[in-house]
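These notes concern the structure reproduced below.
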Amino acid sequence: MDIKPVQRNEQHFGRKPCSYWLAGRCNRNPCRFLHSVTPSSSSYYTPQYNKPKNAYRYTRNPHSHYSDEKTTTNPKYNSKAVTVRETNKTGDEKSVTKKPSQTLCRYWVNDNCVKGDNCQNLHSWFTGDGFSTLAKLKEHKKVVTGITIPVGSDKLYSGSTDGIVRTWDCHTGQCTNVRNCGSEVNSLISEGPWIFVGLNNVVKAWNIQTSMEFTLDGPRGKVLAMVVGNDILFAAAQDGIISAWRGSSDANSPFELAASLSGHTKAIVCLTVGGKMLFSGSMDHSIKVWDLDTLQCKMTLNGHTDMVTSLICWDSFLLSSSSDCTIKIWVATEEGTIKVAYTHTEENIFRKGSLICKTSSSID
């Protein structure tokens, strides 16, 4: 009996899947990389989900060498295929089905995409199967700077730099009330029955149950961030000062100015409360930690090299983002200090009209 050698497909053997095809944006025909996930390639290369936009980096799997283990497939953030009409060099038209892109459609953002469902780019602010768009609330004329739903309420409140605070019915998505604040709304939060609106040089407070309204003086410049902690309202302003109000038993003036927290050298743009501490992020690149009982600054965190744009307290961690393209995770040490435990870099580069993202991570 003649034994014939096994014929291997030289076209596919030893070639890696095309990372651009996996991301749904390869435009080469022919492409020298695979436009499929074969058993050999999927078992020999293990995907690492450490790049955005579904672009994976493949590294050799030391526990497998062309084995018959189950093929790992890519999560489909947007599985809708798009059929478009293309014209070749001879002028003939043909229908081509393309995989959807993971790039946000800039025309859709401005409500002027004419392609509709035939657009290859994303018409959504998120990807995945866990969320879906219920409605778009479009009445504001300028940037929306704050939204809130008070506990137990079926109303959504939104504020904008157009100077308007709108009330929306959560069941119908219709605007039920319009309040003109007279100046730009720079921040908006709620606590209990109270809505707090950060304006220029003041904070407006109104009770949605009694319709009573009060003006809280003290801030200088735009009130860019607010938070409530330890029954104290904190409002951060453009001058780098945090104004703090406590509740008062006086029905005619239910809020009294308790303190002004100074220390930042530039505008404060974000606040958050965690445990017994208040955290403030500023354009001076620093994060300050304040004791909620004494209202004194306990320490200053210097890890970012640009404006601190957002702060979140989660469990025992502090998360901070910055215009320096990093997100940092801070943890408390046994010595009583707070240090960076992890840094994620997300660098956005515009090149020839397209957005390219580069990511990296490091454990400090």
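The values are calculated or read from the model by the stated rules, or taken from the named source; none is laboratory data. Model, not experiment: these values are computed from the prediction. With ideal geometry, Cβ positions are generated from the backbone for all residues, glycine too; neighbour counts draw on all protein chains shown. The area values use the complete protein model at the heavy-atom level, side chains included, leaving out ligands, DNA and RNA. Shrake-Rupley method; radii C 1.70, N 1.55, O 1.52, S 1.80 Å.
Could you run through the stretch 220-252 and say how many residues are in a loop (DSSP other than H, G, I, E, B), open to solvent by less than 50 Å² (accessible area, probe 1.4 Å) and out of contact with any Leu (no Cβ under 8 Å at 6 or more places or on another chain)?
Total meeting the criteria: 2.
When Thr172 is tested against (1) open to solvent by 50 Å² or more (accessible area, probe 1.4 Å); (2) within 24 Å of Leu257 (Cβ to Cβ); (3) of a type in the set (S, T, N, Q), exactly one condition is not met: (2).
Within the stretch 253-280, residues that are over 12 Å from Leu318 (Cβ atoms) and of a type in the set (Lys, Arg) have Cβ atoms under 8 Å from residues that are part of a loop (DSSP other than H, G, I, E, B) and open to solvent by 20 Å² or more (accessible area, probe 1.4 Å) in these pairs: Lys266/Met283; Lys266/Asp284; Lys276/Asn230; Lys276/Asp293, counting only partners at least 6 apart in sequence or on another chain.
Does Ser132 satisfy the criteria of being in contact with a His (Cβ under 6 Å, 6 or more places away or on another chain) and open to solvent by less than 90 Å² (accessible area, probe 1.4 Å)? Considered against the rule, which asks whether it is in contact with a His (Cβ under 6 Å, 6 or more places away or on another chain) and open to solvent by less than 90 Å² (accessible area, probe 1.4 Å), Ser132 comes out as no. Put simply, of Ile149, Ile189 the only residue that is touching a residue at least 24 places away in the same chain (Cβ under 8 Å), open to solvent by 70 Å² or more (accessible area, probe 1.4 Å), among the β-branched types (Val, Ile, Thr) and touching a strand residue (DSSP E or B) at 6+ places or on another chain (Cβ under 9 Å) is Ile149.
Conditions tested, residue by residue: (1) more than 24 Å from Pro193 (Cβ to Cβ); (2) of a type in the set (Gly, Ala, Ser); (3) at pLDDT 95 or above.
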| residue | (1), (2), (3) |
| --- | --- |
| Gly221 | yes, yes, yes |
| Val228 | no, no, yes |
| Leu233 | no, no, yes |
| Ala236 | no, yes, yes |
| Ser243 | no, yes, yes |
| Ser248 | no, yes, no |
| Asn252 | no, no, no |
| Phe255 | no, no, no |
